[in-house]
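The values are calculated or read from the model by the stated rules, or taken from the named source; none is laboratory data. This one's a predicted model, so the numbers in the text were calculated from it and none came from an experiment. Quick reminder, even Gly has a Cβ in these numbers, built from the backbone with ideal geometry, and neighbours come from all protein chains shown. For the accessible areas, the whole protein counts, side chains as well, though only heavy atoms, and no ligand, DNA or RNA atoms are used. Shrake-Rupley method; radii C 1.70, N 1.55, O 1.52, S 1.80 Å.
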Amino acid sequence: MSAPELLDVAWNLEDLVDGQGPAGVDRLLDEAADRATAFAASHTGKVAALDGPGLAAAMRELGEISDLVGRAGNYASLRFSADTQSSENGALMQRFQERATVIETTLLFFDLEWAALDDDVAETLLLADGLDQCRHHLRTARAYRPHLLSEPEEKLLAEKAISGRDAWVRLFSELTSAIEVPLPDAEAPVALDVAMSRLQSGDREVRRTAAEAVTTALAPGLRTRAYLLNTLLHDKAVDDRLRGFPTWLSSRNLANEASDESVQALIEAVQGAYDVPRRWYTLKAKLLGLDRIADYDRAASVTGDEETVEWQDARDMVLGAFSDFSPVLGDTAARFFDEQWIDAPVRPGKRGGAFCAYTTPSVHPYVLLNYTSLRRDVLTLAHELGHGLHAALAIPRGVFEQHTPLTVCETASVFGETLVFKRLLDEADTPQSRLSLLASSLEDGIATVFRQVAMNQFEHAIHTARREDGELSVERFGDLWIQSQHDLLGDSVELTEGYRSWWSYIPHFIGTPGYVYAYAYGQLLALSVYQRYEEEGEAFVPAYIEMLSAGGSKSPEDLGRIAGLDLTDPGFWTKGLELVRKRLEEAEDAADAVLAQQPG
C-alpha cells in the first residue's frame, strides 16, 4: 500500500462526463450515436461528390462525434485502470466498447470512400480551407488504401472484435492486475509492481527472494496467459493475411509513418551496439562484488543507496526542473497536481506501471502512476508528465492531430525525464551519489533502447513461429524469451530458470503488438533533441515548444526538422547511440572514482 500522504492523490475523472458519473457515459454515447446516424444518412455514397467546404464541414462533424466517444471511452477505461477488479467498472467498459463499435461501424463508410478517391481528386480537396486540423490525418489515412477490405467485411471485423481480440486484451489486464506476490517479510501478498520494486534493493537476498516470489506468483496463470497470447498471435496473422501486410510488423510501421526498411535499420543499429549493456553489467558485477550478476541483480543499486523521495518533494523537484526550462512547461505541469489529473497510489486491483491518457482535446490529459517513493519513481513522474505536456500543448491541433505516431510520442517524456535527471546530477555532491544517478540513467537507457529491441526480437520470433509452426507451448515461449535476452546480454548476466516466464506479464505483446521498438526510436530521438538544447541553450526553447504543439500534424521527419534534426540520415541512429555510449563512459568514470576510494 502507499504512504498516507499519497492516498489523496487520486484523479477526478468527472471532467470527462460533466460530473454525471457513469450515466454521463451513456449520455455522451446517446448523442454520438444520434449524430453518427444522421451523418451516415446524409453522406453515405456521397463522399466522392464533396467539394472543399463540404469536406471541411464533414470533418468538423466527425471530429465532434469522435470527441464525444473519446470522452465516454476514456472515462470508462480510466475507471477500469484504477480498479480492474470492480465488476461495475468492467461492465461499464464492456458497455462502452459495444456501443462505440456500433458508432464506429455506422461511420466506417467515410474512411473507405475517402480512401477510394483518385489521388488527384483527393489532393485537390486537401487544398481547401478549413482542414488545418485534419489535413495530415486525411493524407495519411489514404496510405491504408491497399489494406482496406469492403465495407461489409470491415463492419464484420469491427463487431466481432468485441467478443474476440478486445475481450482477450481485457482478460489479460484483469488477470495480471489480480496477481499478488507473497513476499517473505510482508504481512500480506503485494501487487506485482510493489514486488518488482524490491529488485532495486541493495540487499541481494531481498532481490533474489523477490524474484523467486514473482516467478511463483506468475506460475498459476502461466498456461492461460500463453493460450491467450497464442490466440492473439493467430488473430493478427489472419488480419495481416486478409489485409495484405507482408510482415507481422508492417501494419505497426504504417501506423507509425515509418518504412519497414527504416525500422530494420534502427533495429540493426541497436543490435550492433549490444556491447553497451554487456560492458555495463560486467562493470556492475565488479561494483556489487560478484563474479557475474543474475537477471534479478540488473536493477540493484550500485552504491547501496536506496534513497526515497516523498511525494511532495518529487512534485517540487519535477515542477522546478520544468519551470526552469520554460514557464510554459512549469505552469502546465502544475495543473496536473492542482486539478487532480494524477492518480498516484498503489492500490489492490489497480493496473500496474504508469501511463498518460491524452483523452480528448475538449478536456485534458490524465496520468496514472504506482508511486513507491523510490528515486526512480521521480523520473517516472517526470516521464509521464512529459507525455502530459505533449498532450496538453497539442490540444489546439484537434481530435485528429493531437496524437503523434508512437515513434515520436516518447520525445517529450524522455526530454522531461532528462531535465529532472540533470537537476539531480548537478546536486550530487559525492562520487557515490553521482555514480548512483548515472547508473540509474544508463540502466533506464538500456531498458528503453536495448531491452525494447530485444523484446522486439522476441515478438518477431513468436509471431514467426506461430505462423510457421502453429500453437506455441509455454516451454517454447520460454525458450524464445531466453534466447532474445541472451542475444542482448551475452555472458554478462546469468539468466535464471525462473526468468523464463517473465515474458508473460508484459502488456505490450498483448494489446499493441509491434509497439516496443518505438521506445528505442523515441529514446534516441529525444536524446538527440536534448543534445540540441545543450548546444543552443535558451534559444532552443521556442523550437521545442513548437515541436510539441504540432502534435501529429506533421510526419516524424517534419517534426524532427523543427528541432533541427534529419531523421532520414542513415547515420541518425548511430549518432543517437553514441549519446548512450557517452553515458556509459561517464558511468565508468564515476565507478572508477568510487572504486578508488575503497580500501585495498
Exercise. Of the residues in the stretch 303-339, how many are in a loop (DSSP other than H, G, I, E, B) and open to solvent by 20 Å² or more (accessible area, probe 1.4 Å)?
Worked result: 7
For this session: Starting from the stretch 214-243, keep only residues that are closer than 20 Å to Arg170 by Cα and of a type in the set (Lys, Arg), then list their pairs with residues that are assigned to a helix (DSSP H, G or I) and open to solvent by 10 Å² or more (accessible area, probe 1.4 Å) whose Cβ atoms are within a distance under 6 Å, requiring at least 6 positions of separation or different chains.
Result: Arg223/Val474
Exercise. For Trp248, are the conditions met, namely being in a loop (DSSP other than H, G, I, E, B), at pLDDT 95 or above and open to solvent by less than 50 Å² (accessible area, probe 1.4 Å)?
Worked result: yes
Exercise. When only residues in the stretch 462-478 that are free of Cβ contacts under 8 Å to residues at least 24 places away in the same chain and of a type in the set (Asp, Glu) count, which is most open to solvent (accessible area, probe 1.4 Å)?
Worked result: Glu468
For this session: For Ala36, indicate whether it is crowded, with 20+ Cβ neighbours inside 10 Å, on the phi < 0 side of the Ramachandran plot and assigned to a helix (DSSP H, G or I).
Result: yes
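Out of Val594, Val580, report the one residue that is within 28 Å of Tyr274 (Cβ to Cβ), open to solvent by less than 50 Å² (accessible area, probe 1.4 Å) and touching a Pro at 6+ places or on another chain (Cβ under 6 Å).
Val594
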Seminar exercise, completed: Expected single match for open to solvent by 60 Å² or more (accessible area, probe 1.4 Å), in contact (Cβ under 8 Å) with a residue 60 or more places away in the chain and within 25 Å of Ala161 (Cβ to Cβ) among Arg71, Arg95 is Arg95
For this session: Determine if the stretch 492-508 includes at least one residue that is assigned to a helix (DSSP H, G or I), surrounded by fewer than 22 Cβ atoms within 10 Å (Cβ to Cβ), more than 24 Å from the chain's Cα centre (by Cα) and not basic (Lys, Arg).
Result: yes
Problem set entry | Residue that is most open to solvent (accessible area, probe 1.4 Å) [pool: residues in the stretch 201-213 that are assigned to a helix (DSSP H, G or I) and free of Cβ contacts under 8 Å to residues at least 12 places away in the same chain] | Glu205
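Provide a single number: the residues in the stretch 542-556 that are open to solvent by less than 20 Å² (accessible area, probe 1.4 Å), assigned to a helix (DSSP H, G or I) and hydrophobic (A, V, I, L, M, F, W, C).
Number satisfying all stated conditions: 2.
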Exercise. So, in the stretch 355-373, of the ones that are of a type in the set (Gly, Ala, Ser) and either part of a loop (DSSP other than H, G, I, E, B) or modelled with pLDDT under 95 (or both), which residue ends up least open to solvent (accessible area, probe 1.4 Å)?
Worked result: Ser373
